[in-house]
Amino acid sequence: MILITNNPKVYDDPNIGCDKEFIDGSIKDVLVAVRDRIHIGHKLLSHPLSGSVKPNETPYKSILISKEAGNMDWDSLQIIENSIEVCEKFVRYPIKCGYNIQERLLADFSEVDYQLIVAALASAANK
Amino acid sequence: MGKYRVVHYINQFFGQIGGEEKVDHKPEAREGFVGPGMAFNAAFGDKAEIVGTVICGDSYFNENLEAATKEVLDLIKSFEPDIVIAGPAFNAGRYGMACGTVASTVEKELGIPAITGMYVENPGVDSFKKDIYIISTKNSAAGMRDAVKTMAAFALKLAAGEEIGASAEEGYIPNGIRVNFFEEKRGSERAVDMLLAKMAGKPYTTEFPMPDFDRVEPRPAVKDITKATIALVTSGGIVPKGNPDHIESSSASKYGKYDIEGVFDLTENTYETAHGGYDPVAANQDADRVLPVDILREYEKAGKIGKLHRYFYSTTGNGTAVASAKAYAAAIGKELVADGVDAVILTST
Amino acid sequence: MKLELGHIHIHDIQFDSVSRVENGTLFVNAEELREHLLEDENIQSVSFEIARPGESIRILPVKDVIEPRVKVQGSGGIFPGILSKVSTVGSGRTHVLKGAAVVTTGKIVGFQEGIIDMSGPGADYTPFSKLNNLVVVCEPVDGLKQYAHEKAVRLAGLKAAAYLGKLAKDVDPDEVEVYETPSLKEGIEKYPDLPRVAYVQMLQTQGLLHDTYVYGVDMKHSLPTMIYPTELMDGAVVSGNCVSACDKNTTYHHLNNPVVHDLFAKHGTELNFVGIIITNENVYLADKERSSDWSAKLAEFFGVDGVIISQEGFGNPDTDLIMNCKKIEAKGIKTVIITDEYAGRDGASQSLADADASADAVVTGGNANMLVSLPPMEKVIGHPEVANVIAGGFEGSLQQDGTIVVELQAITGATNELGFNRLSAR
């Protein structure tokens with residue numbers, strides 16, 4: 001498995017043992033990186049639109065893909081393309097907020113993304 | 001406040017000029033209402049009145065799009081309307097395209113609210129539903145009364161600048177813009193009712209139509225193309241010179257089946273295009289450009305294909321309803337299978 | 001399984017020295033309740049407010065809404081596996097304080113979402129503006145982790161609702177409804193000619209702030225299974241879902257599941273409401289595949305002719321919804337799905353994150369991106385300054401005079417995907 005993420009909390013966690021790749025960018029950048037991998041045959045293992053926090057609210061996203069690459073998986077492609085479309089639909093209307101709330105918010109959003117991918121990893125581990 | 005000034009756009013038939021023989025009628029203007037305009041006028045009551053009617057033949061309009069639109073618009077402008085109503089066109093394809101063009105251009109260039117009415121399968125719907133409101137009508141003039149009622153009420157709303165609600169509330173064909181509104185019953189009850197209808201095989205209307213996929217499974221590749229019988233089918237409107245079957249230039253109501261036994265090349269003297277949606281000069285000079293008979297005959301001779309099928313099928317894709325196209329394809333397909341054809345080359349424009 | 005639901009109609013709520021229900025008024029001894037909730041070491045302070053229908057009050061941010069209920073007869077207790085023992089509920093008799101609710105609020109984690117306006121245009125978009133609400137404002141002890149904070153507030157809400165519910169135990173209900181689900185065998189014998197219908201309920205199960213508990217079990221760790229409709233009425237399903245105010249199911253929604261009620265309304269006459277299949281919405285794709293295969297398998301096993309499928313939340317649950325729909329339809333079982341939409345502020349974007357031609361019978365709770373302008377209220381319970389960062393809010397959402405311009409998604413329950421509301425879209 002490869003974990004593609006822009007969330008430092010996820011990337012830096014020593015307890016997450018699989019291969020990790022850090023994307024220094026936005027949610028869309030993470031989605032595009034995943035899409036590029038799907039094009040060359042990796043399979044999507046977790047859903048890119050994890051959680052109900054909207055793409056224009058949280059800056060963090062972590063996605064699991066297969067380590068092995070085979071023939072391109074149509075379902076993976078459909079899901080990632082639909083997810084990119086949803087993301088674009090939302091980031092047209094950015095939510096900005098005051099600096100003093102910003103710090104605390106970021107920590108919270110980071111925690112939620114972290115917990116959601118941990119839950120997905122738990123499912124992956126039960127194989 | 002005085003009455004709203006309404007201009008009504010209609011075709012040669014509703015304009016009481018004539019039927020198919022008058023489809024080339026050039027645009028003209030009349031004072032007051034004509035034909036179905038009378039019903040509209042009555043429906044408006046004291047709120048609005050039809051001050052002028054513009055009439056144009058469907059063929060003239062569709063085959064001279066730019067010029068006709070300008071002429072029609074000038075005539076409409078001369079009446080200084082507050083609102084413009086086109087049609088309703090019901091299921092008539094060319095009339096629908098004309099109404100859609102007129103209404104959308106009026107809005108865009110004159111800044112005047114304009115509406116029309118069509119049956120949901122009219123090709124004009126897909127072309128114009130995002131540009132103007134199209135009131136949903138029955139598929140023939142038998143639905144005139146209901147159409148007038150809904151169109152008149154809606155036109156008044158638009159003219160008054162009132163807020164427009166959801167398609168289900170106002171009666172316009174869903175145009176892809178989702179609008180919230182409150183139903184009588186709560187969602188769960190609507191779901192139970194919908195399921196009961198669906199299980200009983202009764203009609204129901206989904207509240208959210210899924211996007212159209214129309215995915216077609218590709219057939220397996222032809223095993224040996226050198227032995228295959230290939231047929232030519234086109235929506236590019238290629239027909240024998242003179243268009244003996246009178247296939248329409250748009251909104252085709254039929255397709256043709258033509259024998260090319262012994263024909264090795266399509267020439268200016270023997271074939272032409274009936275399609276009104278592209279510049280016909282190149283196709284009229286050499287119809288092989290749209291229907292590659294000459295090339296396939298060469299391949300036949302060289303053994304690259306088994307043989308070119310004796311018949312080709314042709315229609316015009318321009319503004320032709322999807323439902324019609326599907327029906328033609330089903331019929332043509334049946335014959336091709338019966339004739340032992342292995343593969344089809346389908347050309348458009 | 002048969003349950004009698006006794007409704008005690010509540011028309012008013014007041015603070016008083018003795019907690020009781022009298023002539024349709026709910027009296028609350030705030031001090032007593034506060035002490036009870038402070039038994040949880042993770043909670044530092046608790047305060048209460050009252051919000052009645054029609055008052056000029058705005059509550060934000062809202063975490064959960066819970067209806068006070070109590071078991072009067074029959075096995076188990078309200079909120080089994082959490083507040084009560086794990087014994088099976090859903091039979092006997094339960095009393096309900098109808099018209100009252102507990103609303104929990106407080107700044108758990110960043111996105112402060114969930115607005116309830118008790119009057120004005122915003123009131124039309126939430127069912128909770130029609131209730132007499134006891135608002136519970138909890139502050140956690142300093143440094144409490146997010147997970148523990150959410151749990152503390154969740155339990156506080158359930159405890160408060162159970163405390164109030166107990167007050168109804170010996171009160172004569174104003175009306176009693178009876179709900180009964182026969183066994184599969186009894187059902188076939190009793191209603192041989194009626195179409196058999198099951199309800200497939202999808203529960204949010206993604207992780208922190210996105211969880212649902214069934215008899216105290218985290219549903220993300222469960223395979224899809226069956227449950228009796230009346231078990232829901234006793235609080236078998238509890239919400240730990242704090243995100244996406246408009247389309248998350250509050251515990252109140254679970255207790256008053258409208259699909260359950262509307263199927264029961266026609267049970268025995270137009271259809272045979274066989275039972276409920278509960279399933280989850282995990283992030284891991286293989287889990288989605290497994291669960292949707294399982295739901296379809298159960299539907300086939302129960303021999304139903306049709307199902308209603310409801311979902312919860314935004315984004316990836318659309319994938320579960322479509323999987324469930326496709327696979328159940330493939331078994332020859334007719335489906336109707338209930339969802340909501342994110343069609344953009346102009347209503348022109350693609351409403352769902354996934355789609356399929358077999359989903360040809362859809363009920364929608366409306367477009368959650370629609371902008372609404374909520375006028376200022378005289379009183380705001382909670383934290384008004386969070387309006388700018390509320391889901392669906394934006395820089396400038398909160399205006400000088402207290403007006404909030406937000407997307408519908410910020411209003412609690414606005415586009416509920418159980419079909420709780422009359423809001424729709426075309």
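Here's the yes/no breakdown for (1) acidic (Asp, Glu); (2) out of contact with any helix residue (DSSP H, G or I) (no Cβ under 8 Å at 6 or more places or on another chain); (3) within 12 Å of chain A (Cβ to nearest Cβ); (4) surrounded by fewer than 24 Cβ atoms within 10 Å (Cβ to Cβ):
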{"position": "C:Asp218", "(1), (2), (3), (4)": "yes, yes, yes, yes"}
{"position": "C:Pro224", "(1), (2), (3), (4)": "no, no, no, no"}
{"position": "C:Met233", "(1), (2), (3), (4)": "no, no, no, no"}
{"position": "C:Lys248", "(1), (2), (3), (4)": "no, yes, yes, no"}
{"position": "C:Leu255", "(1), (2), (3), (4)": "no, no, no, no"}
{"position": "C:Ala286", "(1), (2), (3), (4)": "no, no, yes, yes"}
Check your understanding: Just wondering, is there one or more residues in the range B:199-211 that are in contact with a helix residue (DSSP H, G or I) (Cβ under 6 Å, 6 or more places away or on another chain), at the interface with another protein chain (Cβ under 7 Å from one of its Cβ atoms) and either without any contact (Cβ under 8 Å) to a residue 12 or more places away in the chain or over 25 Å from C:Ser358 (Cβ atoms) (or both)?
Key -> yes
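Condition check: within 16 Å of C:Ile381 (Cβ to Cβ) and β-branched (Val, Ile, Thr). Does C:Ile78 satisfy that? It would help to see each step written out before you state the result.
Details: within 16 Å of C:Ile381 (Cβ to Cβ): no; β-branched (Val, Ile, Thr): yes.
It is false that C:Ile78 is within 16 Å of C:Ile381 (Cβ to Cβ) and β-branched (Val, Ile, Thr).
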Study note, to complete from the structure: Condition set within 13 Å of B:Lys129 (Cα to Cα) and hydrophobic (A, V, I, L, M, F, W, C), scope the range B:159-183, selection farthest from the other protein chains (Cβ to nearest Cβ): answer is B:Ile173
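Checking the structure you have, find out if any residue of the range C:190-203 is at pLDDT 95 or above, in a helix (DSSP H, G or I), away from every other protein chain (no Cβ under 14 Å) and within 30 Å of C:Thr335 (Cβ to Cβ). First the steps, then the outcome.
Just the residues of the range C:190-203 that are at pLDDT 95 or above, to begin with: C:190-203.
With in a helix (DSSP H, G or I) added as a condition, the list becomes C:190.
Within this subset, residues satisfying the condition of being away from every other protein chain (no Cβ under 14 Å) are C:190.
With within 30 Å of C:Thr335 (Cβ to Cβ) added as a condition, the list becomes C:190.
Within the range C:190-203, one or more residues are at pLDDT 95 or above, in a helix (DSSP H, G or I), away from every other protein chain (no Cβ under 14 Å) and within 30 Å of C:Thr335 (Cβ to Cβ).
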Point to revise | Unmet requirement for C:Val260, which otherwise passes all of (1) away from chain A (no Cβ under 14 Å); (2) touching an Asp or Glu at 6+ places or on another chain (Cβ under 7 Å) | key: (2)
Point to revise | Lone unmet requirement of (1) free of Cβ contacts under 8 Å to residues at least 40 places away in the same chain; (2) more than 12 Å from B:Thr53 (Cα to Cα) for B:Lys77 | key: (2)
**Study point:** Search result, residues across the range A:1-51 that are β-branched (Val, Ile, Thr) and either within 16 Å of A:Ile80 (Cβ to Cβ) or part of a loop (DSSP other than H, G, I, E, B) (or both)
**Key:** A:Ile2, A:Ile4, A:Thr5, A:Ile16, A:Ile23, A:Ile27, A:Val30, A:Val32, A:Val34, A:Ile38, A:Ile40
Study note, to complete from the structure: Residue count, the range B:163-181, condition crowded, with 16+ Cβ neighbours inside 10 Å and outside any loop (DSSP other than H, G, I, E, B), comes to 6
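I'm checking my understanding of the structure. Among residues of the range A:70-82 that are closer than 20 Å to A:Asp29 by Cβ and touching a His at 6+ places or on another chain (Cβ under 8 Å), which one is surrounded by the fewest Cβ atoms within 10 Å (Cβ to Cβ)? Even if it seems obvious, please write down each step before you answer.
Kept after step one, since they are closer than 20 Å to A:Asp29 by Cβ, are these residues of the range A:70-82: A:76-77, A:79-82.
Subsequent filtering for residues that are touching a His at 6+ places or on another chain (Cβ under 8 Å) retains A:76-77, A:79.
Working: A:Ser76: 23, A:Leu77: 14, A:Ile79: 23.
Applying the filter and picking the extreme gives A:Leu77.
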Point to revise | Given (1) modelled with pLDDT of 90 or more; (2) farther than 18 Å from A:Tyr11 by Cβ; (3) facing another protein chain (nearest Cβ under 8 Å), number of the condition A:Ala120 does not satisfy | key: (2)
Review point. When you go through B:Glu298, B:Glu261 one by one, which is the residue that is part of a loop (DSSP other than H, G, I, E, B), surrounded by fewer than 16 Cβ atoms within 10 Å (Cβ to Cβ) and outside the structural domain of B:Asn62 (by TED's automatic domain parsing)?
Key: B:Glu261
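Among the residues of the range B:286-295, write down those that are touching a residue at least 60 places away in the same chain (Cβ under 8 Å) and either surrounded by fewer than 17 Cβ atoms within 10 Å (Cβ to Cβ) or of a type in the set (A, V, I, L, M) (or both). Break it down stepwise before answering.
Filtering the range B:286-295 down to residues touching a residue at least 60 places away in the same chain (Cβ under 8 Å) leaves B:292-293.
Residue satisfying the conditions is B:Val293 alone.
Residue-by-condition table, conditions (1) at pLDDT below 95; (2) under 22 Å from C:Lys248 (Cβ atoms); (3) within 14 Å of chain B (Cβ to nearest Cβ):
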position: C:Asp320; (1), (2), (3): no, yes, no
position: C:Met323; (1), (2), (3): no, yes, no
position: C:Leu352; (1), (2), (3): yes, yes, yes
position: C:Ser358; (1), (2), (3): yes, no, yes
position: C:Gly413; (1), (2), (3): no, yes, yes
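Which of the residues belonging to the range C:294-317 are free of Cβ contacts under 8 Å to residues at least 24 places away in the same chain and within 24 Å of the chain's Cα centre (by Cα)?
Just the residues of the range C:294-317 that are free of Cβ contacts under 8 Å to residues at least 24 places away in the same chain, to begin with: C:297, C:301.
Correct list: empty.
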Exercise for review: Exactly one condition in (1) crowded, with 18+ Cβ neighbours inside 10 Å; (2) modelled with pLDDT of 95 or more; (3) within 25 Å of the chain's Cα centre (by Cα) is not met by B:Asp74; state its number.
Suggested key: (1)
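Quick one: is C:Lys145 modelled with pLDDT under 95, out of contact with any strand residue (DSSP E or B) (no Cβ under 6 Å at 6 or more places or on another chain) and within 14 Å of another protein chain (Cβ to nearest Cβ)? Before you say what the answer is, go through the steps one by one.
On the way: modelled with pLDDT under 95: yes; out of contact with any strand residue (DSSP E or B) (no Cβ under 6 Å at 6 or more places or on another chain): yes; within 14 Å of another protein chain (Cβ to nearest Cβ): yes.
So C:Lys145 passes the test.
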Study note, to complete from the structure: Of (1) of a type in the set (Ser, Thr, Tyr); (2) in a helix (DSSP H, G or I); (3) surrounded by fewer than 23 Cβ atoms within 10 Å (Cβ to Cβ), C:Thr319 satisfies every one except (3)
Review point. Any idea which of (1) closer than 26 Å to C:Gly344 by Cβ; (2) outside any helix (DSSP H, G or I) is the one A:Phe90 doesn't satisfy?
Key: (2)
Review point. Can you name every residue in the range B:137-173 that is within 26 Å of C:Asp124 (Cα to Cα) and out of contact with any strand residue (DSSP E or B) (no Cβ under 9 Å at 6 or more places or on another chain)?
Key: B:Lys157, B:Gly161, B:Glu162, B:Glu163
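The values are calculated or read from the model by the stated rules, or taken from the named source; none is laboratory data. These numbers were taken from a predicted model, which means no experiment stands behind them. Every residue, glycine among them, receives a Cβ derived from its backbone with ideal geometry; neighbour counts consider all protein chains shown.
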